[in-house]
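*Asks:* Okay, handing you the structure first.
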Amino acid sequence: DRDLEVVVELLSTDAVKVEEGDRVLISNFGGESSLEGEVLRVDPYGFSKVSALGVEEQRVLTVIGFTGPADERRSLGHGFRVEAEIVIHEEQDATLVPAGALFRHNGEWAVFIVEEGKAALRRVTVGRNNGIEASITEGLSPGNQIVLYPSSTLEDGMMVAQRQTGG
């Protein structure tokens, strides 16, 4: 009896970063929590597909096997919709910042932190950056408050205030 597998279409530019054995989180299938899986195979060939926006893209099929207990996925079946997050890098105790806090200053990466209500420019060394969040290897300490999407007019020493969000 063959267990279920998940087949995902990856952009070829993403598929080159994926390896057999990479951990996968499977979600948005209607269950209570994410399911665990691993990459079983990345096909060695790609194919063209037109996206919903009308852009022709190169895709690669990737097969994912489940690694958790079978009873966690008993309600899944053939053709069901799921979302798969493939973990291509994990780092313990990383200092992460939203990518929108980073900017270039004199050719180096920088952020503004908040010290006593004022913006303080900090040069940082960026490790990995996936476009959503970045790992900072030097220049910040855990717990530093940072300015997200700093204005080009913000300067070192200017007063800043925390913006309230939500409704």
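Where a number appears in this text, it was derived from the coordinates with a stated rule and is not lab data. Everything quoted here is computed from the prediction, not taken from an experiment. Please note: Cβ atoms are built from the backbone with ideal geometry, for glycine as well, and neighbour counts cover all protein chains shown.
*Asks:* Among Phe80, Phe66, which is surrounded by 15 or more Cβ atoms within 10 Å (Cβ to Cβ) and either within 26 Å of Leu35 (Cα to Cα) or touching a helix residue (DSSP H, G or I) at 6+ places or on another chain (Cβ under 6 Å) (or both)?
*Replies:* Testing whether each residue is surrounded by 15 or more Cβ atoms within 10 Å (Cβ to Cβ) and either within 26 Å of Leu35 (Cα to Cα) or touching a helix residue (DSSP H, G or I) at 6+ places or on another chain (Cβ under 6 Å) (or both) leaves just Phe66.
*Asks:* Given Thr95, Thr153, which one is among the polar types (S, T, N, Q) and in contact (Cβ under 8 Å) with a residue 40 or more places away in the chain?
*Replies:* After applying the criteria, what remains is Thr95.
*Asks:* Only one residue in Gly65, Gly107 is of a type outside the set (Ser, Thr, Tyr) and within 27 Å of Leu25 (Cα to Cα). Which one?
*Replies:* Being of a type outside the set (Ser, Thr, Tyr) and within 27 Å of Leu25 (Cα to Cα) holds for just one of Gly65, Gly107, which is Gly65.
*Asks:* With segment 32-122 as the region, which strands (runs of 3 or more DSSP E) entirely inside it contain at least 1 residues that are among the basic types (Lys, Arg) and over 22 Å from Asp3 (Cα atoms)?
*Replies:* So the answer is 47-50, 56-66, 103-105.
*Asks:* Are any residues in segment 87-112 within 23 Å of Glu19 (Cα to Cα) and surrounded by 11 or more Cβ atoms within 10 Å (Cβ to Cβ), and if so, which ones?
*Replies:* Val87, Ile88, His89, Glu91, Ala94, listed by residue number.
*Asks:* When the residues of segment 12-36 are filtered to those that are among the hydrophobic types (A, V, I, L, M, F, W, C) and in contact with a Gly (Cβ under 7 Å, 6 or more places away or on another chain), which remaining residue is nearest to Ala70 (Cα to Cα)?
*Replies:* This residue is Leu35.
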